[in-house]
Amino acid sequence: MAKVQELTSIADADAMFAASNEAPVYLLKHSIACPISARGQMEFVGMEGDDDPDMYAVVVQYARDVSAYIAEQLHVQHETPQAILIHNGEAVDVKSHGSIRLGALREAAAALSA
């Protein structure tokens, strides 16, 4: 069962990018101060099943530099909450705010393996 790994450093982010070369991974960027972000986080952690991609998270209040680095590397404008499906070091699906739903996240991941 996949567990969410928190990214707290640039090295952690680089390790996540490296892991995405082996298999798709999901990243959640979220805020601890926002109720919409809390709802997105609840949907995201619902993906902790055996067949789900490895999962990572950045809490923007604790790792703003990591969040900015990821946005720059992926060429994805920062939003919170934001769920990014990453494969081969590239963002292949980006969802934010109310579009972060368990079914939609799983559908995007399944489309990659089809």
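The values are calculated or read from the model by the stated rules, or taken from the named source; none is laboratory data. All of these numbers come straight from a predicted model, not from anything done at the bench. Reconstructed Cβ throughout: ideal geometry from the backbone, glycine too, with neighbour counts over all protein chains shown. These area figures cover heavy atoms from the full protein model, side chains too; ligands, DNA and RNA do not enter into them. Shrake-Rupley method; radii C 1.70, N 1.55, O 1.52, S 1.80 Å.
Residues that are without any contact (Cβ under 8 Å) to a residue 60 or more places away in the chain, open to solvent by less than 60 Å² (accessible area, probe 1.4 Å) and out of contact with any strand residue (DSSP E or B) (no Cβ under 9 Å at 6 or more places or on another chain) do not occur anywhere in segment 70-88. Selection within segment 6-22: residues that are touching a strand residue (DSSP E or B) at 6+ places or on another chain (Cβ under 6 Å) and small (Gly, Ala, Ser). The member of this set that is surrounded by the fewest Cβ atoms within 10 Å (Cβ to Cβ) is Ala19.
Is there a residue being out of contact with any helix residue (DSSP H, G or I) (no Cβ under 6 Å at 6 or more places or on another chain) and acidic (Asp, Glu) anywhere in segment 56-71? For segment 56-71, residues out of contact with any helix residue (DSSP H, G or I) (no Cβ under 6 Å at 6 or more places or on another chain) and acidic (Asp, Glu): present. Would you tally the residues in segment 91-114 being surrounded by fewer than 16 Cβ atoms within 10 Å (Cβ to Cβ), small (Gly, Ala, Ser) and closer than 20 Å to Glu79 by Cα? Residues in segment 91-114 being surrounded by fewer than 16 Cβ atoms within 10 Å (Cβ to Cβ), small (Gly, Ala, Ser) and closer than 20 Å to Glu79 by Cα: 3 in total. Residue-level check: of (1) of a type in the set (A, V, I, L, M, F, W, C); (2) modelled with pLDDT of 95 or more; (3) open to solvent by 60 Å² or more (accessible area, probe 1.4 Å), Ala33 misses just (2).
Residue-level check: of (1) open to solvent by 60 Å² or more (accessible area, probe 1.4 Å); (2) within 15 Å of Leu7 (Cα to Cα); (3) free of Cβ contacts under 8 Å to residues at least 40 places away in the same chain, Val60 misses just (1).
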